[in-house]
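Quick notes on the structure that follows.
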Amino acid sequence: HAMHSARVAAQKSRDMSRFLHHYTRWEAHGASRALESEMKRNLVQRLTPVFQSVLELAPHETFQGMGLGFIHSAFYELLECRSVLQYSYGLLYMKYEDRQKRKRSHGGRTTTSGRSRRMRSLDRQLEQLQSELELLTEQLSDIVARNHLRASHEQIVFLTRAAYEK
C-alpha cells in the first residue's frame, strides 16, 4: 500500500508540474501579447519624432521608398505568433491530458501500433515547431517591441518572414 501511495503522490507531482509549465507559458504569451498590442497601438505616437527628424534632415526622404509598413507587418506577425503560441500550450496540455487518462484507464499499458508511433512523431514535430516559433517570436519582440527599434529594415523583414513561414 505504501508503494501505491508513493506512486500516486509522484504522479500527482508530475501532473502539477506539467500543468504549471503549460499554464505559465500560456500566461506569459498572453501577457506579452497584451503589452505588444499596446505598443502597436502607440506606434505612430512613438515614431512621430523619427518622422520629424527625417523630414528636417531630408525633406524628400521616404525611408528608401519603403515607408514604415514593415514595422506594422512585424507587429501584426508578432501578435499572430503570440496567439498561436499561447493557444498551442493549451492544446498540448489538453491533448496529453486526454492521452494520460486513456493510458491510466488501460492499466498503464501503451500500445506500439503504427498509429501511436505516428502520433508520437507528430507530437514531437509539433513541440519542435512550437519551440522554433517561440525563439523567432522572442527575437522579433526584442527588436520591434521596445521603445527604440533595435534592428535594420532588412533584419526586421527577415524575422517577420521567418516567423510567418514557421
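Spin-label pair Ser83-Asp142: with each label point 7 Å from Cα along the Cα-Cβ axis, the two points sit 2.6 nm from one another.
Surface listing: Met3, Met119 arranged by accessible area from highest to lowest gives Met3, Met119, probe 1.4 Å.
For Leu126 and Glu56, what is the calculated FRET efficiency with R₀ set at 45 Å and r taken between the beta-carbons, to the nearest 0.05?
Working: r = 51 Å, r/R0 = 1.12.
Here the calculated transfer efficiency is 0.35.
Computed over protein heavy atoms with a 1.4 angstrom probe, the accessible surface ordering of Thr24, Thr160, Thr137, largest first, is Thr24, Thr160, Thr137.
The values are calculated or read from the model by the stated rules, or taken from the named source; none is laboratory data. Keep in mind the model is a prediction, meaning the values are calculated, not measured. A quick note on method: Cβ atoms are made from the backbone with ideal geometry, for glycine too, and the neighbour counts reach across all protein chains shown. We work out accessible area using only protein heavy atoms, side chains counted, and drop any ligands, DNA or RNA first. Shrake-Rupley method; radii C 1.70, N 1.55, O 1.52, S 1.80 Å.
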